[in-house]
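First the structure, in the form of structure tokens, and then the observations on it.
All of the numbers you see were taken from the coordinates with simple rules; none came from a lab. Please read these numbers as outputs of a predicted model, since none were measured by experiment. Neighbour counts are summed over all protein chains in view; Cβ atoms, including those assigned to glycine, are modelled from backbone coordinates with ideal geometry.
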Amino acid sequence: MNLTASNISKKYNRSKGGANWFYAVKSIDLCIEAGKLTAVYGRSGSGKTTLLNLLGGLLQPSEGKVLCGETDIYAMPDKELSAFRNQHIGIVPQGAAALGNLTVLENVLLPSLIGGRSSDEQEKRAEALLQSFGIASLRDVMPRELSGGEQRRMAIARALMNRPEILLCDEPTGDLDDENTRVVLRLLRDEAAKGTAVLLFTHEADARNYADIVMKMDGGSLEKI
Amino acid sequence: MMRSVYGLPVRSILKKPLRSAALMIIAAFLAFSAFGGSLMVMSLSNGLESLSARLGADIVVVPYSAASKVSYDSVIIQGKPGQFYMDAKYYEEIKNEIEGIDKITAQFYLASAKASCCSARLQIIGFDPETDFSVQPWIAKSYSTELSEYDAVVGSDVTPNADMTIEIYGKTLHVRAVLEKTGTELDSAMYVNTATMKELILAHNAKNPNQERAIDPEKVVSSVLIKVMDGYDIDSVVGNINLYVRQVKAIRTQNMIFDVADSLSGVSGMISVLMAAVWVLSVIIMAIAFTMMMNERRREFAVLRVLGVSRARIAGFVLTENALVTLVGGVCGIIITVLLTLLFNGLIEQSIGLPFLLPQPSVMLLTALITLLVTMAAGALTSAVSAYKISKIDAGLVLRGENE
Amino acid sequence: MKIKTVIPEMVMTIFSLVILLGSFTFFAACPVSDEGNIMSCHYAQVMVTALGGLLTVLSLTALLVPDQKVKGGVCIAAAFAAVLTALTPSVLIPLCKMPQMHCRLALQPFTILFAALTAAISIIAAILHLKRKKKS
């Protein structure tokens, strides 16, 4: 399944009542292809997180459409869109994104619980994901006891729990050391190889080596490098 | 292991015990003040009702020389131990010369210094079985046979010996029945017929040789109770007695009860105002505390949004968490109220000094349920705004750190 | 000694002192009569005062002793002593018959209330200390 954005923009009004608009994202056309890893570079304030939220169905665009396969995601009401996101779009947010009250295993299982699927099979899948990400021994540990790298791996495992066709990652290697950075990039590369459409927002220079397509975002606009 | 996403609110409560306990304490306080306040007001009202129901007479006539209004008022209305006497001839005078009297009877009061069962003063009330219309209907509920000499019927707080006797001034009385609770000091009174009363007065005289004037039981009565005939104005009869019969004072019993009712409504009013103030304050504190707690967890809710939880469901989680906390807190508050009421019922009754009768258990249960519902409704109200705000968060903004 | 870790013992001490001091002051039993008659509730009061003293000593011991295991053990003892205190008026030593007597109105309910609270806090404290001992 491809993720296609057609002429999407997001504008904010700088002052109340006036017409002083600020474009966080400006008329972007983008296609995240299945089976490919797309890396987008951009400084802070370039609008990449806004773009990720638009693509993930978390932020209504001011203009344009976002299509997952053939489905216009913003044509759906919130309940349907949320269920769609749960099923088809995996998102790895920036920073710490674990639920502190749940164990590592429960965090990874969460997407399937949200989708109303709870079974031994789902538990096995979660454990398998932990295994493949090298954190199986931490299944009963609370997130606050994990290192930065372990937390990031847990977040990616969680995003993959429901086998989404699309994976969106916002700075997944943000505060990781070199070794962990390589591990995470390799995992994302492997996912793309399995047929997932992977989009990666990053500062990491190394990411070019793992990406099929490299882009740059600046001032709300996107261009291929 | 959490097996359902609906376990999230429970998990949030359990993982932050101090925070949850704080909210539960506020909810418990809400329930405690509402339930406790309601019980107090209902008990005062019940006490007054039982008092009015028990009196029976329209007019009470007492000696003019009775020390103060307080003494005859509290003895007759509330049963506080006391004694006063007037010449029995006034009873005859009123009976024969005042128009409009349907029923008339005399009562005798004796406040014993001590009975075998205790060292508190026991109020003894003697009534004439042939003419009485005030006490006997009430006694009949617990004991329908006529009282013989040395028989007694006692209030609910009087505990006779194991063999159902009481010794008083060296005389042994047989306790035939224990009356229903009234919530007044009549609960520690004893009722005997005139014959027994006269014996007791003589025995009292024998035990108190130094008293100023021995009471001659053949020549005195303590009070005269009157039921006015239909068609006659009670106030006119009161006026006539006060005008034509010297050395006595006739009072309309309604007026006596009104005074008690006044004090009672004053106390009830105060309780209600206090309850309302506590509630408003507690609800505000709960709203602030809950809102702050939810704001601290915006990131957690943003993650749930990212994982595919709809806005409506997020609001549901917030409301569910609040409902669970207020339910547990409310139940604890109610249980604490019941325990404290059961432990301190007697002390409250004595401290207030007004008729005080706890409602029936079924009424208390109903009140408890209503209190719980109201407490949960208040909780829902305090969390509604939070629930709405949290459901509207911009997940992306929150996760980014809201600083770009 | 962190403040947070000694809160249960401090609360225990306060409740014990309430029992000790209150039992012969504001929730004392019926006074000895002018004729010198001593009713059984007087002995109940004396026993409650003594047990209040014991509870105070146990609470202070739990507060000051550093060892977690000893603290836990002392708190368990305090819990038993508190239960005994609650049972003293009326169950172990009879009180006056009439419900409006001061021993029934004040001594009994206040003793039960504060003894029950002391027992509850002692049990919680014992669990916390023995758990901490296990952790270390």
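Per residue of B:6-13, how many C-beta atoms from partner chains lie within 10 Å of its own C-beta, taken as a mean?
Shielding by partners across B:6-13 averages 3.
Residue exposure proxy: B:Phe301, C:Phe26, ordered by other Cβ atoms within 10 angstrom of their Cβ from fewest to most, comes out as C:Phe26, B:Phe301.
Rank by packing, highest mean first: peptides A:191-202, B:91-102, with packing defined as the count of other Cβ atoms within 10 Å averaged across residues.
Highest-to-lowest ranking by the protection proxy: A:191-202, B:91-102.
Averaged over peptide C:104-112, the number of partner chain Cβ atoms lying within 10 Å of each residue's Cβ comes to 4.
Taking the empirical scaling 2.2 N^0.38 Å for compact globular proteins as reference, the stretch A:1-67 has a Cα radius of gyration ratio of 1.19. The mean count of C-beta atoms from other chains within 10 Å of the C-beta of residues in B:185-193, rounded to a whole number, is 1. Our helix-only sum for the protein assembly as shown, with -39,500 (n - 2.57) per DSSP H run of n ≥ 4 divided by its residues, gives a mean residue ellipticity at 222 nm of -17000 deg cm²/dmol.
Comparing A:Asp29, A:Asp120, A:Asp206, which has the greatest mean-square fluctuation in the GNM of chain A with Cα pairs linked when under 10 Å apart? Highest fluctuation among the options: A:Asp120.
Computed about the Cα centre, the dipole magnitude for chain C is approximately 980 debye when only Lys and Arg (+1) and Asp and Glu (-1) carry charge, each at its Cβ. Using a Gaussian network model of chain B with C-alpha springs under 10 Å, which one of B:Ala162, B:Ala378, B:Ala276 is most mobile by mean-square fluctuation? Greatest mean-square fluctuation among the candidates belongs to B:Ala162. Calculated from the alpha-carbon coordinates, chain B shows an Rg and a Dmax of 30.8, 101 Å respectively.
With the simple model of a label 7 Å out from the Cα in the direction of the Cβ, A:Tyr23 to B:Leu365 spans 7.1 nm.
Kyte-Doolittle mean at least 0.5 and Cα extent at least 30 Å along the axis: which DSSP H helices of chain C qualify? TM-like helix candidates: C:40-64, C:108-135.
Across the protein assembly as shown, the convex hull enclosing all Cα atoms gives 230 Å³ per residue.
For the peptides B:260-273, B:29-42, the ranking by mean Cβ contacts within 10 Å, running from highest to lowest, is B:29-42, B:260-273. Considering only Cα atoms, the convex hull volume of the stretch B:145-211 works out to 96 Å³ per residue. Both radii were evaluated on the Cα set of the stretch B:179-321; the Rg over Rh quotient, with Rh as the Kirkwood radius, amounts to 1.41. Picking from C:Ile112, C:Ile19, C:Ile38, which is most flexible by a Gaussian network model of chain C using Cα springs under 10 Å? The residue with the greatest mean-square fluctuation here is C:Ile38. Using just the C-alpha positions of the stretch A:15-136 as equal point scatterers, what log10 of I(q)/I(0) does the Debye formula give at each q in 0.12, 0.19 1/Å? The computed values of log10 I(q)/I(0) come out as -0.62, -1.25. Assuming charge only on the beta carbon of Lys and Arg (+1) and of Asp and Glu (-1), the dipole of the protein assembly as shown about its Cα centre is about 3500 debye to the nearest 20.
Ignoring lysines fewer than eight residues from A:Lys10 along the same chain, the ones with Cα atoms less than 28 angstrom from its Cα are A:Lys26, A:Lys36, A:Lys48, A:Lys65, A:Lys79, A:Lys216, A:Lys224, B:Lys389, B:Lys392. The translational diffusion coefficient of chain A, from Stokes-Einstein at 20 °C and 1.002 mPa s with a Kirkwood hydrodynamic radius over alpha carbon pairs, comes to 119 µm²/s.
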